[in-house]
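Just so it is clear, none of the values below were taken in a lab; they were calculated from the coordinates. Remember, predicted model here, so these are calculated numbers, not experimental data. Virtual Cβ from ideal backbone geometry, glycine too; neighbours counted across all protein chains shown.
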Amino acid sequence: MIFKLERRVDDSRWMAYLSPILAGTLTLITGSILFWALGKDPLQTLYTFFIAPVSDLYGWTELGVKAAPIMLCALGLAVCYRGKVWNIGAEGQLLFGALVGGGVALQFLESDSAFALPLVLVAGALAGMAWAAIPALLKTHFNTNEILTTIMLNYIALNLLLFSVHGPLKDPGGFNFPESALFTEAVTLPLLLEDSRMHIGILFALFALVAVWVLLSKTFVGFQIKVLGLDTRAAHFAGFKERRLVWLALLLSGALAGLAGVCEVTGPIGQLVPQVSPGYGYAAIIVAFLGRLHPVGILLSSMLMALIYIGGELVQIELNLPLALTGLFQGMLLFFLLACDVLIAYRIRLSPRFSALRKPSSAALVNGADANLSTHSQ
Amino acid sequence: MDYDLIVNILYATVRTGTPLILVALGELVCEKSGVLNLGQEGMMLMGAVIGFIAALETGNLWLGVTFAMAAGLMMSLLFGFIALNLSANQVATGLALTIFGTGLSAFVGSDYVGTPLVGIEPWHIPLLSDIPFVGRILFSHDPLVYLSFGLFVGVYLFLNRSHAGLALKAVGESPQSAKATGLPVFKIRYLAVMFGGAMAGLAGAYLSLAYTPLWAENMTAGRGWIALALVVFASWKAERVLLGAYLFGAFSIMHLVAQGLGFSVSPNLLAIMPYLATIVVLVMLSSDKARVKLYAPVSLGKPFHPAD
């Protein structure tokens, strides 16, 4: 081969930050080629996709509306993934939070109590937490793989939501549509800005961002979670209680996703519908990785993901391109990211002769390099 | 329940179990080589959509099946490049493959949603299908179901009776030792991943060309994930994959059973059954740590760089 991968002595800090940018650029290039192949002007399409949605204030508020739930989910996932707890269930936790929160909200159809909204929000967050407690229990006490259980719970939560809006929670005066009654003012999130859909859920997301940052960077528990993720054996030797950390990560993640869900139904949607989430919980997985499992990175990447959602809708309306472009861009982004992440632990050598010259030094460090590989690949 | 209903339920069980068998056999071979590919769902979806489009455009269903397998194979090559060539984390890569496949299949198939297609017709095997009871349940299906029987036998013999299967298992247990004995670890793992991809593509084709001849976004409905659980359930043994697939098939057609018993339960609640069953089964089988350790390929999910 012309190219050769060679292990770096130390992981490259630069590449860790550069890789998401590189992945984004590659996605844009591939996207342009795709637009061109579909007979569209690539520049115009890219403009409609990525610039036009945020060319006015309303566009930015819409960006916030979409970014908030993604960010809430991704922050929780970041805590899980730092501890190598593979929670793929943000979607289900979000849906269950929306379902239970929405169910509570429907109890306040004839009330204007000031406690109604806080109660609804807490119910949603607790429901998400409870949904995440299932894989936590199964993982810590029954040794069950959390990837599979969380995925299955996503499907179960979706079907429970569908069952509820087709059955017990259906609006009696709703002409048999699978929707609940509209929530009243008392259980609707207040808007931050007139003439927009931007609600205070964005403040929750920003608050969660600070909280997760403090947890991961400033607390001993956060440190324990990170050690658990980097080296399980070391965490055991240090006497960290693995079970407690797994529970903590999953419960926190579930609560944030549940909050995201209840904010969706009490915010922009305003009732329970079959389509509460266009896959925010899955998009959050990409966002967590793209943001390097760091709160600030997640802030930026959730805005990018929100833009992909809005841009996808806009090119559908204006250029008649399929809405599925959103999912395609999400998938491409994650794939390019994984490929680019290889450069964190490896460097590309062009000439085989050159790499042959370097070989003795890298062979001498093979043990150290092995450790680097394992941190990179986990 | 009357006789006809029981026969119909068992007949439907074989039908619903078939895509699970196909994808789970592929994943079994893949995992036996030590590679964990969580991208089954994405590969299946690509197989389903490409198979459907190819069959519709060419008018040849079997060309559709071939294209579906090729699509699954291509997707698995993508996984292979990132997870094997670049030794990236297999869990993340598989997840990415599923997300990518979901998006790509929705994109490719967006013009074909709701397009009708005459699917693969059942082919009653002469004589065998005349056997009472068994004939209807096992020998009155479409050819892909018979293919799944054949593939099961093939994979079973390959893993348990062939030299090549032994080599594959050796690679999965300890790639270092396998390499020391001269086995081409990298090549074997690649072939296993490709086999998994083609099988997932075939399973997708079964869904979009035979089971319900149409294309709909996310039509696999988590079957790729259930298949992953199935391999754990089967303790990485081919014969138990077959058993498990039919068991899960039965869980997926609970609405038929409920109808037969005269219950009227919400279809959405019944749709939960296979997922719930997956969790229950996983809990029962993973609780015993020693058992999982005993049966799972030792190097499962661990990258092995070609230069090592």
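Computed values, structure above
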quantity	calculated
Distance from segment B:250-268 to segment B:56-121 (C-alpha centre basis), Å	31 Å
Karplus-derived HN-Hα couplings along segment A:261-268 (A = 6.51, B = -1.76, C = 1.60, θ = phi - 60°), whole Hz, x at Gly and Pro	x, 5, 5, 5, 6, 8, x, x
Segment A:64-320, Cα convex hull volume normalised per residue, Å³	135 Å³
Long-range HN-HN contacts of A:Y346 with modeled amide H, under 5 Å	A:R8
Distance cut-off 32 Å, percentage of C-alpha pairs in chain B lying past it	26 percent
Top of A:D231, A:D41, A:D171 by mean-square fluctuation, Gaussian network on chain A, Cα under 10 Å	A:D41
Cleavage-rule hits (trypsin sites (Lys or Arg not before Pro)) in segment A:192-230: DSSP loop, at most 14 neighbouring Cβ within 10 angstrom	none
Cut-off of 10 Å, at most 16 other beta carbons, DSSP loop: longest stretch of chain A lacking such GluC sites (Glu not before Pro)	A:195-378
In order through segment A:333-350: 3J(HN,Hα) via Karplus (6.51 cos²θ - 1.76 cosθ + 1.60), integer Hz, x for Gly, Pro	4, 5, 5, 4, 4, 4, 5, 5, 4, 4, 6, 5, 9, 10, 10, 8, 10, 7
Fraction of alpha-carbon pairs over 19 Å apart in segment A:202-328 - percent	59 percent
Zero-based 20 Å bins, Cα pair distances in the protein assembly as shown, whole percents	17, 52, 28, 3
Reduced Cα scattering model of segment A:160-200, Debye log10 I(q)/I(0), q = 0.34 Å⁻¹	-1.05
Mean separation of Cα contacts under 8 Å, 6 or more apart, over the residue count of segment A:64-320: relative contact order %	40 percent
Calculated FRET value between B:S177 and A:I348, using beta carbons and R₀ = 22 Å, to 0.05	0.15
Those lysines that a straight Cα-Cα span of less than 30 Å connects to B:K32, excepting residues fewer than 8 apart in one chain	A:K4, A:K84, A:K139, B:K169, B:K179, B:K187, B:K237, B:K289, B:K293, B:K302
Cα-centred dipole magnitude for segment B:158-238, charges only on beta-carbon of K, R (+1) and D, E (-1), debye, nearest 20	300 debye
Neighbour cut-off at most 15 other Cβ (10 Å), DSSP loop, chymotrypsin sites (Phe, Trp or Tyr not before Pro), segment B:231-274	B:F263
Hull shadow area, averaged, segment A:3-83 [alpha-carbon convex hull, nm²]	8.9 nm²
J(HN,Hα) series, segment A:236-244, from Karplus relation 6.51 cos²θ - 1.76 cosθ + 1.60, nearest Hz, glycine and proline x	5, 4, 6, x, 5, 8, 4, 4, 4
Distribution of pairwise C-alpha distances over segment B:134-239, 5 Å bins, in %	2, 10, 15, 20, 19, 14, 9, 6, 3, 1, 0
Residue exposure sequence - A:L46, A:L38 - by fewest surrounding Cβ within 10 Å	A:L38, A:L46
Cleavage-rule hits (chymotrypsin sites (Phe, Trp or Tyr not before Pro)) in segment B:95-173: DSSP loop, at most 15 neighbouring Cβ within 10 angstrom	B:W123, B:F133
For segment A:64-320, size of Cβ-based charge dipole, Lys and Arg +1, Asp and Glu -1, in debye	1340 debye
P(r), alpha carbons of segment B:1-64 - 10 Å bins starting at zero, rounded %	18, 30, 31, 18, 3
Farthest positive-ward along the protein assembly as shown dipole, Cα basis, beta-carbon charges - from B:T13, B:A229, B:F100	B:A229
Segment A:81-172, relative contact order [Cα under 8 Å, separation at least 6], %	41 percent
